[in-house]
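Peer 1: The structure under discussion is supplied below as structure tokens; questions concerning it will follow.
The values are calculated or read from the model by the stated rules, or taken from the named source; none is laboratory data. From a predicted model like this one, the values you see are computed outputs, not experimental measurements. Quick reminder, even Gly has a Cβ in these numbers, built from the backbone with ideal geometry, and neighbours come from all protein chains shown.
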Amino acid sequence: MPLDSPNIYQLHSNRLPLTPREHQVLKELALGSSNKLIAKNLSISTYTVDGYVKEIYRKLGVRNRSMAAVMALHHGILDISSPAMASSQKNSA
């Protein structure tokens, strides 16, 4: 399977030991959202987001947002063909 095939990113999506809410937080985090913006988007407090982020790091064995984003991409949490991802890439260019 070629590396640019969308299916390669969907191989292990159900293997992450995260709750559904942690999946949502990880997806937002991987899109580059700040904790404050994640809190606003998910209608939860920034303190709650902080807790989720720490728990996600612990469960995934990562130390920062970049590593968590790579894990999200690798495990199919983040769809690189999504419109949100496309607009995120335009904003960073």
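Peer 1: Are any residues in the range 45-58 more than 15 Å from residue 27 (Cα to Cα) and either touching a helix residue (DSSP H, G or I) at 6+ places or on another chain (Cβ under 8 Å) or of a type in the set (Gly, Ala, Ser) (or both), and if so, which ones? Walk me through how you get there before you give the answer.
Peer 2: Of all residues in the range 45-58, those more than 15 Å from residue 27 (Cα to Cα) come to 45-48, 51, 58.
Matches in the range 45-58: 45, 46, 48, 51.
Peer 1: Something else now. Hey, among 58, 63, which residue is exposed (fewer than 12 other Cβ atoms within 10 Å of the Cβ), part of a loop (DSSP other than H, G, I, E, B) and modelled with pLDDT of 95 or more? Can you show your working first?
Peer 2: Values: 58 fails: part of a loop (DSSP other than H, G, I, E, B).
Result of the check over 58, 63: 63.
Peer 1: While we're looking at this one, here's another question. Given the options 90, 40, 36, name the one that is farther than 13 Å from residue 18 by Cα, at pLDDT below 95 and of a type in the set (D, E, K, R).
Peer 2: Numbers: 40 fails: at pLDDT below 95; 36 fails: at pLDDT below 95.
The unique qualifying residue is 90.
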